Each structure stands twice: as structure tokens, then as C-alpha cells.
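The structure appears below as C-alpha cells.
The values are calculated or read from the model by the stated rules, or taken from the named source; none is laboratory data. Predicted model only: the values in this text are computed from it and were never measured. Heads up, the Cβs are rebuilt from the backbone with ideal geometry, glycines too, and the neighbour counts pull from every protein chain shown.
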Amino acid sequence: MRVRVPAGGEFCMATETEIKLSLSPRAASRLARHPLLSPIEPQRVLLVNIYYDTPDRRLQRERVVVRHRRKGREWLMTVKTVSTVSAGLAQRSEWEVPGQRGEFEFSQVDDERVRSVLEAARDQLQPLFITRFWRKSWLLDTAGGGRCEVALDRGWIEAGDRREAICEVEIETLAGPLSDIFAVARALQAGLHLHPEVSSKSERAFSLLANLPLTASKAVPVSISAGTPTIAAFRLIAQACLSHLQNNEKGVCAGSEPEFVHQARVAIRRLRSAIRLWEPVLPATFVATFDPAWQQLASRLGETRNWDVFVAETLPVIASAFPGQPALDRLALGAHAACAVSRRRTQRVLQAAAYSSLLIEFSAALVDLSETKSGALGGFVPRCLRKRARRVDERAAVAVAADAAARHRLRVAFKQLRYGVEFFSPLLAGPVLVNYHQVASRLQELLGHLNDLAVAVQLTAEVLPGTEGEPIAAWLNTKIESLLPDLRHLLAEFQQQEEPWAAA
């Protein structure tokens, strides 16, 4: 929600809440004809934005943005905080005031941390990049009784000698509940392929300016406390998982680097683990609707990840154990071909409208979750983790002497426990948590290696059916058997660890 600048010209702090969606130029040309927008006369204006920072990028590190915007003949100075974007949803503090380009007045910024950052950087601020785009906007009265702006931006980011196209839609709340802009996003998606955008224009400009290579993103910690409402904590963690997933989308779709697939898969596993951990306090319809959808996507990524591991890690080990075997060439060719096919299928899924809709639907459902009667996180954590620990103990009792399926069930239960410990780490006992994490990491690595070997048996049989692949499968099974004593030892060590939630 943006508050207009009063006549006196002082800064007016507001919370800007918007959903940002990317779309193709073809879809952009059809937007004005969408039934939701076609009855409304749009406004069109050229916006030129100059962004500033210090030579050492101090504002970027502090997650603060300063820009001058020319809108018609008027110049505005804007200060924003940078928020984590989740499925296109961004909520950030914003201060805006009339001002001339190159002039900075921060005295009315009423956030002490932000103002101190700005004042310290004032004398070193210099223009870094420009965004220049035409904005076509429509004002909507929403079904929920609120008001929002739909804006189509088309133009360019200009950073040094590099340029990147802008083609995106922003849906901003002007008045009314947050659910209204999700309703508008759903309505627009019904006729057009609009994908939630994970990066702001300024973030994309910084990457363009630095000419940074595309790298895989890992999960980041989420700030929670014992007093955080239980559902609010789930929402924060689920939104962080969505950001983790979306930060790796481009890498999955753009090439064949395995780490992007791996991190996207980890993001969904963490998200599904969070759903399972919070299931007792979540609406049954929420779990029934979204857990199967994320499971389906996880399976697609999982298949590609299995082939990636087989080709990059397992196949070289097999080759060294069976030098000169004619079957190895056929195994390698077949595995590389299957890996490429699986990757293309995964890319098509992430580029499909159904995936874009899932992100919006899930994000909207997160916002709609009620925090009433959910209690504070401090009482929820010990109960939740004790339940997961009991499940690990139950499955560990049979896993060593049983088959690969039983060990996989143990691995799933253990991951849910470990992710829970990671989610709740700000609430857990420090030294005990460190020891617990170290042993858990070794156990998870071994369970993962055993799973990779078991999957390799299956993939070998797919590429070399019949008797041709049997010697390799037998060798892989021998490797599995040789690791079971280590599994027994690590399970015993893990079960002797003091539980870090006992004192929580």
C-alpha cells in the first residue's frame, strides 16, 4: 500500500505491497484485451529511474534502495527497503518525496536503522544504473471492496554497457485486503501465462552491472522466536522455501548444471517437510490440496537429480570397477541420453502455466491462513520434534536389516526431523545443537549414499535390461552391504545424542 506525499513535501512512510509477474512480449500485447482490464481506460507514462549506491555497494549490502524517478516533468526521490520476494509477492517499506536528481534529503526517514545507513552513505552516493520503461496502468475496484493498480512495464534496464529487457506486470494494493491482489493475479493468469517474478528491477540491474554468472542458490535461515505465532512461523518458512525454489528456476531451465536441479529439489523437500511438521495445526484442505501438488513436482525433479548423480558420480566408479567391459559404453550412452530427456521434461514443467499458477495459489493460501488459536511457537517445537524423533527411532529399528525401501523410509523420516531442527534452530540449545547437527550430517550423508547406490541398481536395469546389467547390479548391491555396519554405528551414535529441543 502506497501513501501519497502530503502537500508539505515531507517523507511519508508506507508499506508497498505488490505481486510482480513476468510475461512474454506476445502475452504483454494481449494484456489490455483481458476481460478484467478491457473496460478500463489505462494511463500511460514514461518512467526513468536512476539508482544510487556507494562505490563499495554499501546500500546493496544493507538492503536499502535509493532512486530518483522522473514521471512526466516531476522528479521524485524514493527510499525502499529490500524484502525477500516469495512467489512474486513483495512487501517493503517505502518513503517517497518530490526532489531533484542528485539531491538527497533523508531527515524524514523514520526508520532509525535505514536513516543511519543513508546518512553514512550520503556523500558517496553515485548513479549506478537506469531503468527506462513505459508503464501502462489500470485502476481496479476489487471484488473484496478494495482498490489496486495493475501496471504493465515494458522497457530496459541499462547498467554500464549492458541492457536487459523489462516485460512485467505489477499488481499493487492501494486499499483493501491482501487477498484482493491474489484474486486479480488469478484472474489474469486464467487468460495469460504470467509467472511470479523472484527479483526486483534493481536486483536484476545489480546482477547485470556486475556481470555475475548464474549460480545455484541455497536455503537461508529464517528469523523466528519462541513468541512467534505457530502459523506465522510456518508462513515465513514456507515463503523462504518458495524463494529458494524460484532462485534456482532460471538455472534449471537455462542449462544442464546439476546443482540447480539439486537445490530446487531441496527447496521442495524442505517445503513438504514443513507442511508435514505443521500438519496438526494446518487446515486439512490446505494439506490435501498442496502436498500432492508439491510431491508431483518433487518427483519430476527427483528423477532428473537421480540421473545427474548416476552420470556424474556413480558411473565413473562403475567404470573403474569394470574396465574394458563392452556393456559400459552402452550404459554410459544410455544414461547420458536418459539424463538429457529427463532434464528437458523438468524444464517444460517449470516453464508451464500450471507451475506458475501453483506458485500463486499456494502463496495466496499461505496469506489466508489464520493465526488465531495456533499458539506460540515455543510450545509447539518440542512436541513437533519429539514426534519426528520417535518416527526415526521406529524406522531405524528395522532399516539396517531390511531392504532399500525401508532405508528410504528411514531417510525420509530423518530428513523431516533434520529440516525441523534447522527450521527451529534459533530456539534450540546452542552447544547441544552443534553436536547433534554434526552427527546428523554424517548420518544423512551415509543414508544419501546408500540411496544413490540403490537407485543406481534400478537405473542400470533400465539402461541394460536382462542379464547384461546383472554383474554391475550385483557389484552395487555388494557396495550397499559393505556400508550397512557403518549405518548401524552412526544410528547408534545419533540415538545417543542429547536432544537439542529438550530444554526448549
statement: Going through the stretch 303-322 in order, the residues found to be of a type in the set (F, W, Y) and either assigned to a helix (DSSP H, G or I) or assigned by TED's automatic domain parsing to the domain that holds D452 (or both) are W307, F310
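Could you check how many residues of the stretch 337-348 are of a type outside the set (S, T, N, Q) and surrounded by 15 or more Cβ atoms within 10 Å (Cβ to Cβ)?
3
Please tell me if A413 is out of contact with any Pro (no Cβ under 6 Å at 6 or more places or on another chain), free of Cβ contacts under 8 Å to residues at least 40 places away in the same chain and surrounded by fewer than 17 Cβ atoms within 10 Å (Cβ to Cβ). Spell out the reasoning first.
Numbers: out of contact with any Pro (no Cβ under 6 Å at 6 or more places or on another chain): yes; free of Cβ contacts under 8 Å to residues at least 40 places away in the same chain: yes; surrounded by fewer than 17 Cβ atoms within 10 Å (Cβ to Cβ): no.
Here the answer is no, as A413 does not meet what is asked.
State whether the residues of the stretch 126-137 include one that is polar (S, T, N, Q), at pLDDT 85 or above, in contact with a Cys (Cβ under 9 Å, 6 or more places away or on another chain) and within 27 Å of L36 (Cα to Cα). Quick ask: steps written out before the conclusion?
First, pick out the residues of the stretch 126-137 that are polar (S, T, N, Q): 126, 131, 137.
Applying the additional criterion that residues be at pLDDT 85 or above yields 126, 131, 137.
After this cut, where a residue has to be in contact with a Cys (Cβ under 9 Å, 6 or more places away or on another chain) as well, the list is none.
Scanning the stretch 126-137 turns up no residue that is polar (S, T, N, Q), at pLDDT 85 or above, in contact with a Cys (Cβ under 9 Å, 6 or more places away or on another chain) and within 27 Å of L36 (Cα to Cα).
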field: Options M13, M1; residue that is at pLDDT below 90, among the hydrophobic types (A, V, I, L, M, F, W, C), more than 21 Å from G155 (Cβ to Cβ) and assigned to a strand (DSSP E or B)
entry: M13
- request: List every residue pair whose Cβ atoms sit under 8 Å apart, with the two residues 6 or more apart in sequence or on different chains, where the first one lies in the stretch 119-135 and is on the phi > 0 side of the Ramachandran plot and surrounded by 14 or more Cβ atoms within 10 Å (Cβ to Cβ) and the second, anywhere, is among the aliphatic types (A, V, I, L, M) and assigned to a strand (DSSP E or B).
  value: none
- prompt: Out of all the residues in the stretch 254-272, is one or more in a helix (DSSP H, G or I) and more than 24 Å from E197 (Cα to Cα)?
  reply: no
message: Quick test for you: out of P196, P213, pick the one residue that is free of Cβ contacts under 8 Å to residues at least 12 places away in the same chain and either of a type outside the set (A, V, I, L, M, F, W, C) or surrounded by fewer than 18 Cβ atoms within 10 Å (Cβ to Cβ) (or both).
response: P213
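Inside the stretch 323-339, can you point out the residues that are part of a helix (DSSP H, G or I) and without any contact (Cβ under 8 Å) to a residue 12 or more places away in the chain?
Start the filter on the stretch 323-339 by keeping residues that are part of a helix (DSSP H, G or I), which leaves 326-339.
Listed by number, the residues that qualify are P326, L328, D329, L333, A337.
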Identity of the residue in the stretch 161-202, assigned to a helix (DSSP H, G or I) and polar (S, T, N, Q), that ends up nearest to V65 (Cα to Cα): S202
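Can you tell me which residue in the stretch 475-504 is modelled with the lowest pLDDT, limited to those that are farther than 24 Å from V398 by Cβ and of a type outside the set (D, E, K, R)?
Selected residue: A504.
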